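Undergrad: Before I ask anything, here is the structure I am working with.
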Amino acid sequence: MKKGDLVLVKNTNMSTVLDIIRTAGPVSRAHISRLTGLSRSTCSVLVDEMISEGLVIEMGKQESSGGRKAILLKLNYEGGRAIGIKVMQNHIAAALVDLSGKIIKIQSRDFPKDSDKSDFIEILISVVLLLTAYEKNNTNKNILGIGIGVGGKIDFHTGTLIESSIINLLNVQIGKILEERTGIPVYLENDVNAFAVGEKYFGAGIHYHNLLCVTVGQGIGAGIIVDDNLFRGSHHIAGEFGHIRITDSNSATICTCGKNGCLEAYSSNQAIINYFLVLTGKKISIEEITILAEQGDKSALEVFRKAGTYLGYGISTLINLFDPETIIIGGEGAVYYRYMESEINRVVREDAVYGLAEEVEIQPVLFDDNLWIRGAAALVVREVFRKKT
Ligand SMILES: [Zn+2]
């Protein structure tokens with residue numbers, strides 16, 4: 001075998017073992033060997049290397065079947081810190097987290113609507129400096145990276161915000177500038193993708209290899225994880241799920257992208273508000289419609305059902321395309337998901353092929369801003385515990 005091939009095999013084995021410790025830990029070396037099919041000695045060599053790198057630590061002992069006590073291994077979540085930043089309209093929320101995603105300190109800042117590139121960068125840097133100073137004055141652990149999630153078209157590899165749906169800026173090299181100014185590696189990702197990575201590393205997706213995170217609310221998007229890796233596409237826009245055409249009739253609302261017939265124009269907050277207006281003549285907020293649904297109001301329940309029909313069409317398409325193990329529903333729409341759920345399940349049962357509806361678990365996660373910040377921090381954790389293939 002060539003040297004390059006040997007390195008590849010070792011890295012593949014390393015990432016397999018690391019993944020077992022992350023998802024099944026605490027585990028013993030013998031258990032890792034059984035789960036991976038790798039020999040005991042190979043596992044031991046790999047584990048020793050990970051311990052020396054500070055990725056894995058030994059903890060306690062467990063009675064094994066042979067009577068000998070086995071040392072258990074787990075990831076070293078205290079091995080460093082990460083900063084996660086979520087960019088919202090006129091607002092930045094950031095957090096210092098440990099490597100298990102536990103939030104240690106939150107900081108947030110508003111920024112004016114007319115902020116230019118340098119204002120925006122300065123605000124990002126000020127938040128990072130506050131969090132790094134906090135860490136220095138407390139446990140003083142190494143900050144291993146800054147993960148940033150922002151809506152729009154992002155080039156992950158160059159850390160460039162090409163075009164944003166949230167802020168009015170083009171081609172900002174956020175990664176490069178922030179790295180130069182702070183000396184900390186920066187990982188920039190589309191916000192829905194960051195959310196999906198967060199769910200994969202810390203949340204409802206931890207035990208899955210193929211998962212989709214669908215975000216519902218003001219917009220509709222999807223983060224796609226195939227064989228443990230985020231799928232970004234060739235032009236940085238994979239997952240623009242809200243803009244798949246769902247019908248050829250003219251929509252009640254023109255989509256934010258300017259087209260008619262997009263899923264987002266049929267199942268987003270605005271679509272639900274418009275349905276309610278058409279049905280009742282009342283223009284009220286999505287929160288008010290949700291409260292009415294809670295009280296059993298027939299019109300409110302009907303508009304959620306209608307939005308659920310279209311979302312069900314979209315989700316069936318995703319299931320037929322990707323055959324995922326699970327679909328996680330996030331975003332602020334997760335709050336009213338329960339009023340769409342039975343309709344979505346009905347459509348998916350009809351439209352998903354090969355009985356996949358029975359196999360794919362669709363699970364909403366409660367809307368929480370911290371999930372999005374933690375998702376951004378997961379971009380760093382992914383690099384620390386990365387699959388080395
Ligand atoms: Zn659209």
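Conditions (1) of a type in the set (Phe, Trp, Tyr); (2) out of contact with any strand residue (DSSP E or B) (no Cβ under 9 Å at 6 or more places or on another chain); (3) at pLDDT below 95, marked per residue:
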residue: Glu287; (1), (2), (3): no, yes, no
residue: Leu292; (1), (2), (3): no, yes, no
residue: Lys298; (1), (2), (3): no, yes, no
residue: Gly308; (1), (2), (3): no, yes, no
residue: Ile327; (1), (2), (3): no, no, no
residue: Tyr337; (1), (2), (3): yes, no, no
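Undergrad: Going by what's in this entry, would Val226 be described as among the β-branched types (Val, Ile, Thr) and either surrounded by fewer than 22 Cβ atoms within 10 Å (Cβ to Cβ) or at pLDDT below 95 (or both)? Steps first, answer last, please.
TA: Numbers: among the β-branched types (Val, Ile, Thr): yes; either surrounded by fewer than 22 Cβ atoms within 10 Å (Cβ to Cβ) or at pLDDT below 95 (or both): yes.
The answer is yes for Val226.
Undergrad: Look through segment 142-177, keep the residues that are closer than 23 Å to Leu371 by Cα, in a loop (DSSP other than H, G, I, E, B) and in contact with a helix residue (DSSP H, G or I) (Cβ under 7 Å, 6 or more places away or on another chain), and return whichever of them is modelled with the lowest pLDDT.
TA: Only one residue tops the list, namely Ile167.
Undergrad: Can you pull out the helices (runs of 4 or more DSSP H) entirely within segment 239-309 that have at least 3 residues that are among the β-branched types (Val, Ile, Thr)?
TA: 269-280, 286-294
Undergrad: Looking at Gly314 and the list (1) assigned to a helix (DSSP H, G or I); (2) more than 14 Å from the ligand (Cβ to nearest atom); (3) under 17 Å from Glu361 (Cα atoms), which single condition is not satisfied?
TA: (2)
Undergrad: Considering each residue of segment 225-275, count those that are over 19 Å from the mean Cα position of the chain (by Cα), among the small types (Gly, Ala, Ser) and away from the ligand (no atom under 12 Å from the Cβ), and give that number.
TA: 3
Undergrad: Further, regarding this structure: Looking at (1) outside any helix (DSSP H, G or I); (2) among the small types (Gly, Ala, Ser); (3) buried (at least 24 other Cβ atoms within 10 Å of the Cβ), can you tell me which one Gly217 breaks?
TA: Among (1) outside any helix (DSSP H, G or I); (2) among the small types (Gly, Ala, Ser); (3) buried (at least 24 other Cβ atoms within 10 Å of the Cβ), Gly217 violates only (3).
The values are calculated or read from the model by the stated rules, or taken from the named source; none is laboratory data. Because the structure is predicted, anything quoted here is derived from the model rather than measured. FYI the Cβ positions are ideal-geometry reconstructions off the backbone, even for glycines, and counts take in every protein chain you see.
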